[in-house]
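Worksheet: the structure to be examined is printed underneath.
The values are calculated or read from the model by the stated rules, or taken from the named source; none is laboratory data. If you're wondering where the values come from, they're calculated on a predicted model, not measured in any experiment. So basically every Cβ, Gly included, is an ideal-geometry build from the backbone, and we count neighbours across all protein chains shown.
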Amino acid sequence: MSTHPWYKSAIIYQIYPRSFQDTTGDGIGDLRGIINRLDYVASLGITAVWLNPVYPSPNDDNGYDVSDYRGIMLEFGTMADFDELLTGLHARGIKLVMDLVVNHSSDEHRWFQESRKSRDNEYRDYYHWWPAEKGTPPARFSYFDPTGGWTYDETTNAYYLHYFGHKQPDLNWQNPKVREEVKDVMRFWLDKGVDGFRMDAFQFVGKDTTYPELPPTTAANAVAVYGLRPEVHGYLREIKREVMDHYDAFTVAEGAGSTIQDAVDLSSPEREELNMVYHFEIADYAAKKERFDLIGLKALFTKWDQGLAGKGWDSIYLGNHDVPRMVSKYGNDSPEHRVASAKCLNTLLLTMRGTTFTYQGDELGMTNVDWPTIEPYRDLQARNQYKTALERGDDMNEHLSFLNKFSRDNARTPVQWSDKSNAGFTTAEPWIGVNPNYRSINVVAQEADPNSVLHHFRQLTALRKAYPVLVHGGYEPILPEDGRIFAYVRTLDEASLFVAMNWSEETVDCVLPELFVGGRPLVDNYGSANGEEDIDSNEVNYSSLNLQTSSFCLSPWQAVVLQSSTPKP
Ligand code: NOJ
């Protein structure tokens with residue numbers, strides 16, 4: 001019996017409901033769509049689902065602007081649907097993690113509607129206000145609003161603060177009543193049986209309410225300037241003590257401060273704050289470069305692993321709803337290399353130490369879009385960026401190719417279920433365009449193909465469950481200075497596995513550590529899985545591997561997990 005908490009070995013699958021499956025014919029995914037796909041979700045071998053926000057919202061930021069923390073968005077269904085979804089997941093042994101969006105609410109939330117009515121309204125201090133008679137407020141950055149983080153509100157002749165869009169006013173966490181409200185909301189969902197929270201933008205909840213002048217801020221330094229003020233640690237402890245300690249559930253906050261020490265402080269068990277961190281350093285790595293450098297990327301994985309080893313706990317991810325598709329960003333989405341490189345990236349995700357998160361569609365190797373105009377874009381960030389670039393007189397072709405590579409909408413195109421119209425996502429016009437490559441990249445096709453990214457993903461989840469060393473074991477990088485090979489040994493007590501991946505389009509030689517000479521592959525993305533996901537009974541054709549000497553050859557994007565010749569459990 002493992003003494004580790006369950007969330008450490010959780011294999012989390014992220015569902016962005018708006019783009020998962022429509023059943024009502026309005027072009028928008030819904031909870032019934034997820035319920036209808038539960039057998040598929042379970043078949044992936046995942047053990048928990050993180051659901052992006054499903055609460056009522058005017059959808060200025062696709063649900064990250066909540067107007068009622070205790071309800072379900074009309075477009076997504078009803079609370080009865082939610083309860084059925086939760087029951088259906090639990091019946092399949094899958095936990096449910098909710099998104100908790102409490103750095104800000106929607107401006108359409110009742111609290112804000114009240115707050116803006118008068119300066120002496122009982123909800124006034126639920127938000128941050130700056131009276132206009134004091135002059136212009138000290139500049140604050142906004143991630144989504146190019147005019148800045150304060151918006152003037154005529155009714156009370158005052159400005160309110162928002163680090164995101166102007167329809168997302170920031171809540172005032174200094175006010176104990178706000179904290180009580182949030183804790184009550186958490187209890188509401190925990191009492192329903194949810195298993196955890198992903199706390200949106202949480203590093204920003206602490207604010208100095210004297211509103212001092214701060215250094216000039218952009219997206220690049222916003223976390224350093226605004227993030228993780230000391231009081232955030234106190235808020236987290238209060239939540240842990242008063243709420244989380246009473247349930248078998250976990251918390252992960254989006255963002256982890258600016259340093260490893262911040263992440264340790266947030267996630268080390270003795271400090272009783274969070275259960276794990278979800279940092280951005282890898283997702284942001286070379287976010288705007290044509291091609292990232294593998295040596296640097298490996299160094300980041302090593303830095304985070306070593307920094308948190310024995311002290312805190314990390315999340316492992318390469319994709320989510322805020323970043324481009326992982327295979328387009330880190331792999332190679334050309335017809336020749338997409339399958340192998342998507343499998344290679346999934347091999348990394350499911351063999352690293354930490355809790356692993358897979359974004360919907362990455363189990364299929366879904367790719368970025370290639371849209372020629374701004375019209376198909378739906379994300380307020382992309383549309384605002386476009387407007388700003390236009391006003392600045394930028395080369396708009398260049399800007400569009402930037403959006404095609406980096407926009408959040410890349411991850412938000414509908415899940416590709418089949419080669420039928422709209423990829424089987426909806427019978428109506430989808431709220432966001434379907435990637436035209438759905439005709440070849442889709443679930444039905446991949447179910448039928450034993451060599452698909454999908455079957456390989458299932459092999460990997462089975463592997464991770466069968467080998468606790470992959471979750472908890474130490475991580476020793478091999479060949480850290482090699483620009484094409486990403487390799488490491490994972491060790492736990494007597495158990496040891498070697499992961500070797502070729503992150504390039506060339507065939508390369510890789511060193512084989514002595515322990516693994518004569519060993520056997522457990523998973524090989526060049527082997528055929530024969531549609532069989534049971535790791536031990538798998539009949540795999542590994543003819544491409546020769547493991548008899550101290551080096552072996554890896555084909556383009558080949559990724560293997562090897563067991564030593566004298567395996568220990
Ligand atoms: C992070 C969420 O992941 C993103 O989608 C959202 O726009 C911002 N936080 C604001 O809530």
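Is it true that some residue in segment 509-532 is in contact with a Cys (Cβ under 8 Å, 6 or more places away or on another chain), of a type in the set (Asp, Glu) and either modelled with pLDDT of 95 or more or crowded, with 22+ Cβ neighbours inside 10 Å (or both)? Checked against the condition, which is being in contact with a Cys (Cβ under 8 Å, 6 or more places away or on another chain), of a type in the set (Asp, Glu) and either modelled with pLDDT of 95 or more or crowded, with 22+ Cβ neighbours inside 10 Å (or both), segment 509-532 yields at least one hit. Within segment 546-557, the set of residues being crowded, with 24+ Cβ neighbours inside 10 Å and in a loop (DSSP other than H, G, I, E, B) comprises Trp557 only.
Looking for something touching a helix residue (DSSP H, G or I) at 6+ places or on another chain (Cβ under 8 Å), of a type in the set (S, T, N, Q), modelled with pLDDT of 95 or more and over 30 Å from Asp61 (Cβ atoms) - is there at least one such residue anywhere in segment 430-446? Yes, there is a match, as at least one residue in segment 430-446 is touching a helix residue (DSSP H, G or I) at 6+ places or on another chain (Cβ under 8 Å), of a type in the set (S, T, N, Q), modelled with pLDDT of 95 or more and over 30 Å from Asp61 (Cβ atoms).
For Tyr163, the test of being in contact with a helix residue (DSSP H, G or I) (Cβ under 9 Å, 6 or more places away or on another chain) and either of a type in the set (Asp, Glu) or away from the ligand (no atom under 16 Å from the Cβ) (or both) is failed.
Could you tell me whether segment 472-490 includes any residue that is assigned to a helix (DSSP H, G or I), in contact with a strand residue (DSSP E or B) (Cβ under 6 Å, 6 or more places away or on another chain), at pLDDT 95 or above and at negative phi? Yes, because at least one residue in segment 472-490 is assigned to a helix (DSSP H, G or I), in contact with a strand residue (DSSP E or B) (Cβ under 6 Å, 6 or more places away or on another chain), at pLDDT 95 or above and at negative phi. Asp83 meets the conditions (1) within 16 Å of the ligand (Cβ to nearest atom); (2) closer than 30 Å to Ala10 by Cβ in every case but one. The failed one is (1). Kindly check whether there is at least one residue in segment 135-142 that is more than 16 Å from the ligand (Cβ to nearest atom), among the β-branched types (Val, Ile, Thr) and not assigned by TED's automatic domain parsing to the domain that holds Val225. Among the residues of segment 135-142, at least one is more than 16 Å from the ligand (Cβ to nearest atom), among the β-branched types (Val, Ile, Thr) and not assigned by TED's automatic domain parsing to the domain that holds Val225, which makes the answer yes. Do we have Leu274 as at pLDDT 95 or above and in a helix (DSSP H, G or I) here? Against the criterion (at pLDDT 95 or above and in a helix (DSSP H, G or I)), Leu274 does not qualify.
Looking at segment 392-401, can you tell me whether even one residue there is in a loop (DSSP other than H, G, I, E, B) and either in the same structural domain as Thr413 (by TED's automatic domain parsing) or of a type in the set (Val, Ile, Thr) (or both)? No; the residues of segment 392-401 include none that is in a loop (DSSP other than H, G, I, E, B) and either in the same structural domain as Thr413 (by TED's automatic domain parsing) or of a type in the set (Val, Ile, Thr) (or both). With respect to being in contact with a Ser or Thr (Cβ under 9 Å, 6 or more places away or on another chain) and either β-branched (Val, Ile, Thr) or within 16 Å of the ligand (Cβ to nearest atom) (or both), Ile260 falls outside the description. Take the conditions without any contact (Cβ under 8 Å) to a residue 24 or more places away in the chain, part of a helix (DSSP H, G or I) and either under 27 Å from Pro556 (Cβ atoms) or small (Gly, Ala, Ser) (or both) and apply them to Ala423. Does it pass? So Ala423 fits the description; yes. Could we say that Glu75 is in contact with an Asp or Glu (Cβ under 8 Å, 6 or more places away or on another chain), closer than 29 Å to Thr155 by Cβ and more than 16 Å from the ligand (Cβ to nearest atom) here? It is false that Glu75 is in contact with an Asp or Glu (Cβ under 8 Å, 6 or more places away or on another chain), closer than 29 Å to Thr155 by Cβ and more than 16 Å from the ligand (Cβ to nearest atom).
Listed here are the residues, each with its yes/no results for (1) assigned to a loop (DSSP other than H, G, I, E, B); (2) away from the ligand (no atom under 16 Å from the Cβ); (3) within 27 Å of Gly206 (Cα to Cα).
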residue	(1), (2), (3)
Val264	no, yes, yes
Ile295	no, yes, no
Thr302	no, yes, no
Gly312	yes, yes, yes
Ser315	no, no, yes
Pro335	yes, yes, no
Ala342	no, yes, no
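Of the residues making up segment 108-120, not a single one is within 16 Å of the ligand (Cβ to nearest atom), surrounded by 23 or more Cβ atoms within 10 Å (Cβ to Cβ) and more than 20 Å from Pro58 (Cβ to Cβ).
Restricting segment 474-489 to residues that are touching a residue at least 24 places away in the same chain (Cβ under 8 Å) and of a type in the set (D, E, K, R), which is farthest from Gly310 (Cα to Cα)? That would be Arg484. Residues that are within 16 Å of the ligand (Cβ to nearest atom) and surrounded by fewer than 18 Cβ atoms within 10 Å (Cβ to Cβ) within segment 176-223 comprise just one, Ala219.
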